[in-house]
Amino acid sequence: MAAPASSRRPLWSRLPVIAQLRQSVGLQRGMLVTGLVLTAIFVLTAVFAPLLAPYGFAQLRGPDGPFGAQQPPSAEHWLGTTQGGYDVLSRLIWGSRTALLVIIVAVIASLLVGVALGLIAGYFGGWLDRVLVVVADAIYAFPSLLLAIVLAIVISGGQSSLWGGILAAALSITVIFIPQYLRVTRAEVIRIKSEAFVESARVIGAGHVRIMTRHVLRNSTRTLPLILTLNASEAILTLAGLGFLGFGIEPSAAAEWGYDLNKAMSDVTSGIWWTSVFPGTAIVLVVLGLTLVGESLNDLADPRLRKRAAGAEPVEDLGVDPGPAADPAMATTPETTKEGVR
Amino acid sequence: MTTTTDAPAARAGAPRAWAKKPGGSLGRYIAVRALLIIPTVFILVTTVFVLMRLTGDPITAAQGGRLPADQLAERIHEAGYDRPILVQYLDYLGAVFTGDFGTTLSDKRAVTDVIVTFGTATLELAFYALIVAFLVGIPLGRLAAFHRDRWPDAVFRVGGILAYATPVFFLGLLLKLVFSVWLDVLPVAGRADTRSELTLGRVDGATGIYLIDAFKTGDPAILGDVLRHAILPAVALGLLTAGVFLRVVRTNVISTFGAGYVDAARSRGVAERRLLRKHAYRPALIPIVTVVGLQIALLLGGAVLTETTFEWKGLGFQLSQYLQARDFVAVQGIVVVLAVVVAVTNFIVDIIAALIDPRVRY
């Protein structure tokens with residue numbers, strides 16, 4: 001068991017994800033590592049898309065003339081070409097960029113708005129809190145894809161350019177996520193608000209803003225990495241769903257996997273598999289990667305589900321971590337995890 | 001899709017645990033819960049209305065560019081879209097309150113009529129999907145819990161996550177490719193063959209639920225045809241939910257398995273298998289009730305995609321048709337009705353959960 005002196009480890013090992021990685025063992029570590037590797041491949045592909053892709057996402061002809069439509073995989077086109085005559089591999093690689101952009105915009109926007117609202121609702125309480133919670137509940141109960149459709153209509157009118165499409169998808173996802181961040185943050189804030197250190201800050205005469213940002217907010221972020229990863233994977237699914245229903249981004253503006261799958265629907269009936277299997281697999285792998293990370297974080301945060309390294313077993317039922325794990329970033333009680341994932 | 005986060009959500013067991021206060025009778029809980037439907041539905045109707053009006057009026061959206069400006073203005077005036085937005089809103093609220101969700105622009109049908117006609121197909125699909133989810137998710141979740149942290153657990157859990165990670169429409173396309181095109185054993189799309197559909201349409205007191213209507217015809221060939229068409233869509237949509245069930249059952253069995261009363265039973269010499277089957281498994285099923293409720297929203301969203309993939313002529317398929325026709329009156333109507341359905345279903349599920357588990361009360 002670690003001595004109290006070592007409870008403050010170097011910064012890098014206290015960062016979310018890395019901390020959990022160190023903490024995990026066996027199967028859980030395997031799942032976390034697989035998730036991280038898949039996610040890393042996805043991010044790297046998105047960043048280096050221009051270098052990796054053999055052709056442009058809207059390129060229809062090479063030096064030897066047009067690519068031709070629905071060509072099976074060959075040396076020139078490793079994954080074949082689509083009904084529209086695009087190179088499947090290139091659209092696959094460029095598509096990761098669109099997906100990553102949507103995730104970034106959606107997660108940042110919902111994090112900022114959701115956490116801010118949750119902080120205000122939890123800290124001040126009263127009628128504002130009630131109204132926010134009822135509204136959040138109503139939106140949470142709503143089939144999210146339908147809400148996304150409505151928002152996509154509002155934002156882009158259905159047909160979109162690159163940024164129009166990305167914003168439409170990202171903002172529709174944002175609205176769906178805000179209630180989740182609001183709930184989690186609010187629950188944490190309410191818990192922390194009654195702690196002694198907040199009380200003492202108030203006694204010293206700190207203002208609301210200072211207490212909220214310095215004392216409460218900093219201590220209420222521990223479940224956020226978990227929701228963040230789960231939401232990132234959900235963002236991809238929503239983007240693909242919108243694209244599949246025809247609310248995607250125009251093929252000449254950007255590559256988007258859901259749109260490609262929509263166009264591949266008729267190919268499937270005639271036995272052309274490469275136009276649907278590859279973009280679909282890309283979605284599955286990215287969502288799988290992000291979900292594995294989220295799942296592992298969730299399990300590691302829940303003492304009932306966490307598997308421990310040998311020697312650290314006996315404290316199972318206390319819901320408290322031994323030694324170094326008593327770091328607030330990791331020791332999450334079952335209650336907050338429940339709140340967290342709602 | 002709130003999809004996933006729904007999934008672990010289930011662990012919460014109690015909906016709105018944050019609002020839970022000690023005490024309170026069941027009657028009071030039901031009353032409070034029923035009253036909560038009103039603001040929920042009101043907020044949803046308002047949200048959808050405001051959002052849809054932000055884009056302008058539906059007539060311009062549908063006809064814009066195709067009609068000369070004066071005709072367009074005339075039609076907008078006829079439909080009342082040139083009135084102040086507040087008047088339109090109150091008008092709309094009044095209409096919704098009396099069960100009138102408007103008339104579609106593209107085919108001039110009452111939205112309620114569209115919903116009655118196509119809703120049954122969606123209901124049928126959701127029902128099949130839930131059966132698949134129960135049959136696959138619950139036993140596998142139990143097995144995964146029993147073999148916790150050994151390879152079967154790993155396989156099932158990754159399977160569960162895969163089921164979640166695969167978009168329903170991609171799974172649908174894969175199933176079509178394998179079973180309809182390559183193996184040629186199941187139909188590609190639709191709810192029944194054209195011949196069966198004609199017969200089903202003539203059934204006395206047709207319900208629109210093909211399974212029931214097929215039973216009424218008494219013709220095993222038609223029944224078989226209807227079921228064969230249902231397999232792929234049901235599996236595509238059901239596996240998504242099955243993955244969620246698997247996770248919930250696994251987590252709950254694991255936590256009940258570590259409970260004191262199970263330890264007590266073990267010390268009395270009850271066999272491990274019996275412990276799992278009788279002591280740990282049954283209480284672990286209670287949260288499933290809540291999960292089913294949360295899944296309704298997910299199922300409806302998934303149904304839109306599944307129906308589009310399989311040309312299953314239900315509400316979701318119809319919705320995507322109206323979307324393509326840019327008929328936003330129809331879209332708004334269908335979305336609002338689905339939202340109401342979800343709100344009411346959640347209410348019913350919460351009540352059932354409260355009846356089963358006395359801890360789930362306000």
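Here, each number is a calculation from the coordinates, and none is a lab measurement. Worth saying up front: this structure is predicted, and the values here are computed from it rather than measured. Note that we place each Cβ from the backbone using ideal geometry, even for glycine, and neighbour counts take in every protein chain shown.
Tell me the Kirkwood hydrodynamic radius of the range B:50-144 in angstroms, computed as one over the mean inverse distance between distinct C-alpha pairs.
16.9 Å
Tally Lys and Arg at +1 and Asp and Glu at -1 over the other residues with C-beta under 15 Å from the C-beta of A:ALA255: what net charge comes out?
The answer is -1.
Whole number please: convex hull volume per residue, Cα atoms of the range B:130-280, in Å³.
For the range B:130-280, the hull spanned by Cα atoms encloses 150 Å³ per residue.
Counting Lys and Arg as +1 and Asp and Glu as -1, what is the net charge of the other residues whose Cβ lies under 11 Å from the Cβ of A:GLY125?
Net of charged neighbours comes to +2.
Note down the Stokes-Einstein diffusion coefficient of the range A:44-198 in µm²/s, whole number, using a Kirkwood radius over alpha carbon pairs, 25 °C, and 0.890 mPa s.
133 µm²/s
Between the range B:277-345 and the range A:78-153, what is the C-alpha centre distance in whole Å?
About 19 Å separates the Cα centre of the range B:277-345 from the one of the range A:78-153.
Could you give P(r) for chain B, binned at 20 Å from zero, as whole percent values over all Cα-Cα pairs?
25, 50, 23, 2, 0
Under a Cβ-Cβ cut-off of 12 Å, what is the net charge of the residues other than B:VAL270 that fall near it, where Lys and Arg count +1 and Asp and Glu count -1?
+4
Compute the distance from the alpha-carbon center of the range A:44-63 to that of the range B:122-157, in whole Å.
Measuring centre to centre over Cα atoms gives 40 Å.
A 27 angstrom limit on the alpha carbon distance is what I want to check against. Which of B:LYS108/B:LYS176; A:LYS263/B:LYS216; A:LYS263/B:LYS313 exceed it?
B:LYS108/B:LYS176; A:LYS263/B:LYS216
Summarise the partner chain shielding of B:224-235 as one whole number: the mean count of Cβ atoms from other chains within 10 Å of each residue's Cβ.
For this peptide, the per-residue mean of nearby foreign Cβ atoms is 0.
Return the FRET efficiency for the residue pair B:ASP100, A:ILE204: r is the Cβ-Cβ distance, R0 is 45 Å, and the value is rounded to the nearest 0.05.
Calculated transfer efficiency: 0.15.
After finding the eigenvalues of the alpha carbon gyration tensor for the range B:214-362, what semi-axes result from the square roots of 5 times each, listed largest first in whole Å?
Rounded to whole Å, the semi-axes are 39, 21, 14.
Under 5 Å between amide hydrogens, which residues at least 5 positions from A:GLY62 or on another chain qualify, with H placed 1.01 Å from N in the peptide plane?
Close amide H contacts, sequence-distant or interchain: A:PHE67.
Given contacts defined as C-alpha pairs under 8 Å and at least six residues apart, what's the relative contact order of the range B:96-187, whole-number percent?
10 percent
Let me know the mean shielding of A:131-138 by other chains, meaning the per-residue number of their Cβ atoms within 10 Å of its Cβ.
Per residue, the average neighbour count from other chains is 5.
At 20 °C and 1.002 mPa s, what whole-number value in µm²/s does Stokes-Einstein give for the translational diffusion of the range B:209-266, with Rh from the Kirkwood sum over Cα pairs?
Using the Kirkwood radius from Cα pairs, D works out to 146 µm²/s.
Using θ = phi - 60° and the Karplus curve 6.51 cos²θ - 1.76 cosθ + 1.60, what whole-Hz ³J(HN,Hα) does each residue of the range B:263-278 get, with Gly and Pro shown as x?
Once rounded to whole Hz, the list reads 4, 4, 5, 5, 5, 7, x, 6, 5, 3, 5, 5, 4, 5, 6, 9.
Please report, in cubic angstrom per residue, the volume enclosed by the convex hull of the alpha-carbon atoms of the range A:15-312.
Cα-based convex hull of the range A:15-312, divided per residue, equals 161 Å³.
Using a Förster distance of 41 angstrom, determine the FRET efficiency expected from the C-beta separation of B:ALA31 and B:ARG282, and round it to 0.05.
0.85
What does the structure give for A:230-236 when I average, per residue, the other chain Cβ atoms found within 10 Å of the residue Cβ?
4
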